[in-house]
1. Among the residues of the range 1-22, which ones are surrounded by fewer than 22 Cβ atoms within 10 Å (Cβ to Cβ) and in a strand (DSSP E or B)?
2. Among the residues of the range 118-152, write down those that are more than 20 Å from SER14 (Cβ to Cβ) and crowded, with 22+ Cβ neighbours inside 10 Å.
3. Which of the residues belonging to the range 23-38 are surrounded by fewer than 19 Cβ atoms within 10 Å (Cβ to Cβ) and either within 11 Å of the ligand (Cβ to nearest atom) or among the hydrophobic types (A, V, I, L, M, F, W, C) (or both)?
4. Those residues that are out of contact with any Asp or Glu (no Cβ under 8 Å at 6 or more places or on another chain), among the acidic types (Asp, Glu) and part of a loop (DSSP other than H, G, I, E, B), I need them from the range 71-120; list them, please.
5. I'm told TYR63 meets every condition in (1) in contact with a helix residue (DSSP H, G or I) (Cβ under 6 Å, 6 or more places away or on another chain); (2) more than 16 Å from the ligand (Cβ to nearest atom); (3) in contact (Cβ under 8 Å) with a residue 12 or more places away in the chain except one. Can you identify the failing condition by its number?
6. How many residues are exposed (fewer than 14 other Cβ atoms within 10 Å of the Cβ) and outside any helix (DSSP H, G or I) if we restrict to the range 39-56?
7. Is there any pair linking a residue in the range 100-124 that is away from the ligand (no atom under 12 Å from the Cβ) to one that is assigned to a helix (DSSP H, G or I), with Cβ under 6 Å and at least six apart or on different chains, and which?
8. Out of ARG105, ARG92, report the one residue that is modelled with pLDDT under 95 and either surrounded by fewer than 18 Cβ atoms within 10 Å (Cβ to Cβ) or within 17 Å of GLU31 (Cα to Cα) (or both).
Amino acid sequence: MKKRVGILISGRGSNMRSLIAAAANPAFPAEIELVISNVGNAQGLAYAASADIPTIVIPHKAYETREDFDRAVDQALANADIDIVCLAGFMRILSDWFARRWEGRLLNIHPSLLPLFKGVHVHEQALHAGVRVSGCTVHFVVPELDAGPIVAQAAVPVEIADTPETLAARILAEEHKLYPAALRLLAEGRVRLENGHAVFTSPS
Ligand code: GRF
């Protein structure tokens, strides 16, 4: 049976679009069943709606604590019977409670080769460090920020003339291929989180 996927966004939603596009293939092992945004006017919401995917806005400002907000998100995911959650440009730090509750079923995409350049201003960090290669990472989410076990990575060259914007664009193109590939691995049970490590099994 196909895994039921919920995507959490805060903005543009281009990674969300790539997941929706991949799931449109009948052979893909997961279906996108719900998109949740903490921002009411997130650009991605309109696209999800146009693709006939249910959308919910859960404004974080309406909740007193981080965990109250996370409980509302969790409830919405449970109501839709979601198996796997993909963070895709979701700009809220999730509580330890949420990360533990969804342990092994919660993925994030980050625009660097983790463990390098965590947090924000990622491309500025990369250019400042002078690395000649950067990229993107899909990882399991654990309570510590941008620190979960790695599911998949893609590398791109850093060009001498790069600005944060040109580097971001080169990496984003790779993100759009990497996230569907990583979700496929998890949905097919070819990667799992075990004792804090990503464990891979080859297809039989
Ligand atoms: C991506 O670069 C992603 O890696 C990062 O935030 C950006 C989101 O872009 N977490 P989009 O909303 O998916 O277009």
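1. Those that are surrounded by fewer than 22 Cβ atoms within 10 Å (Cβ to Cβ) and in a strand (DSSP E or B): LYS3, ARG4.
2. PHE140, GLY148
3. If the condition is that a residue be surrounded by fewer than 19 Cβ atoms within 10 Å (Cβ to Cβ) and either within 11 Å of the ligand (Cβ to nearest atom) or among the hydrophobic types (A, V, I, L, M, F, W, C) (or both), then ALA24, ALA27 are the ones that fit.
4. Of everything in the range 71-120, those that are out of contact with any Asp or Glu (no Cβ under 8 Å at 6 or more places or on another chain), among the acidic types (Asp, Glu) and part of a loop (DSSP other than H, G, I, E, B) turn out to be ASP83, GLU103.
5. (3)
6. Of the residues in that region, 3 qualify.
7. GLU124/PRO164
8. After applying the criteria, what remains is ARG92.
The values are calculated or read from the model by the stated rules, or taken from the named source; none is laboratory data. If you're wondering where the values come from, they're calculated on a predicted model, not measured in any experiment. Positions of Cβ are backbone-derived with ideal geometry, glycine not excepted, and every protein chain shown enters the neighbour counts.
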